Amino acid sequence: MPVYNEGEAVEPVIRRLSAAVRTPHEILVVYDFDEDTTVPVVARLAPEIAGLRGLRNDIGRGVLNAMKAGIAEARGEYVLVSMADGSDEPAIVDRMVELARSGADVVAASRYMRGGRQVGGPLLKRLMSRTAGLSLHWFGGVATHDPTNNFKLYSRRFLDSVRIESRAGFELALELTVKATLADRPVAEVPTTWRDRTAGQSNFKLRAWLPHYLRWYGTAFRGRLAKLLPG
């Protein structure tokens, strides 16, 4: 769980995640600097919530490096990326684990499959995300309807087999989903309800990160075309 000055707002998010997940787990809250307002909250909750610990990201500041640091430090057979803003739905995590144990290397929480939905959020961002996800599913050969959602579960064996090339931030989920698809790794999905954050400010920067999303969008279609063409 990457964080940036979440303060007390992170407490209910951590509590919901811990309470909802029955699978034995640890919760790594990854921060960039010791003065982050999330740090004392995690320190206060750690004696009460089993498996909760803070992790300082020493790779370099930013959400991408925080996610990379958490992935590298995680000790489980499966690694879940979840946001600190309360937008993700922790009740589906155990089902995601079941699918991973059945062989899936990537399990996506999907807003755009039957039973999934998205509540709130900027209209343009929602439209672009849905268009990208559904076009990659129907025409790009990606098994999930929602490849851009960062709320995903990955097998350790898959993570250890790939090199992360993302450079901006949240496009990491798309990169890993595309790479799994092109390598013929099993990808599964579970419907989810995503809710826009109600506290704090989003760190998502659409204009800055759009070219990085387009890179992996194009990679998926080029890879699909290469598989379809003879020779």
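In the range 61-68, is there at least one residue being in contact (Cβ under 8 Å) with a residue 24 or more places away in the chain, under 26 Å from ASP146 (Cα atoms) and not in a helix (DSSP H, G or I)?
yes
Within the range 118-157, take every residue that is touching a helix residue (DSSP H, G or I) at 6+ places or on another chain (Cβ under 8 Å) and among the β-branched types (Val, Ile, Thr) and give me the one that is nearest to VAL178 (Cα to Cα).
This residue is VAL142.
Scan the helices (runs of 4 or more DSSP H) fully inside the range 82-200 and keep the ones with 1 or more residues being modelled with pLDDT under 95.
Those helices (runs of 4 or more DSSP H) span 123-139.
So which of ARG157, ARG195, ARG130, ARG163 is surrounded by fewer than 15 Cβ atoms within 10 Å (Cβ to Cβ) and in contact (Cβ under 8 Å) with a residue 12 or more places away in the chain?
Just one listed residue meets the conditions, ARG157.
Within the group GLU6, GLU48, GLU73, which residue is open to solvent by 30 Å² or more (accessible area, probe 1.4 Å), in contact (Cβ under 8 Å) with a residue 12 or more places away in the chain and not aromatic (Phe, Trp, Tyr)?
GLU73
Within the set of pairs 6+ apart or on separate chains, which have a first residue in the range 33-45 that is within 10 Å of ASN5 (Cα to Cα) and open to solvent by less than 70 Å² (accessible area, probe 1.4 Å), a second that is assigned to a loop (DSSP other than H, G, I, E, B) and hydroxyl-bearing (Ser, Thr, Tyr), and C-beta atoms under 8 Å apart?
Taking only residues 6 or more apart or on different chains, the pairs are ASP36/TYR4; THR38/TYR4.
Do you know which residues across the range 87-108 are out of contact with any helix residue (DSSP H, G or I) (no Cβ under 6 Å at 6 or more places or on another chain) and under 28 Å from ALA9 (Cβ atoms)?
SER87, ASP88, GLU89, ILE92, VAL93, ASP94, ARG95, MET96, VAL97, ALA108
The values are calculated or read from the model by the stated rules, or taken from the named source; none is laboratory data. In this text, all values refer to a predicted model and were calculated from it rather than measured experimentally. As a convention, Cβ positions derive from the backbone with ideal geometry for all residues, glycine included, and neighbour counts pool all protein chains shown. What goes into the accessible areas is simple: the full protein's heavy atoms, side chains included, and nothing from ligands, DNA or RNA. Shrake-Rupley method; radii C 1.70, N 1.55, O 1.52, S 1.80 Å.
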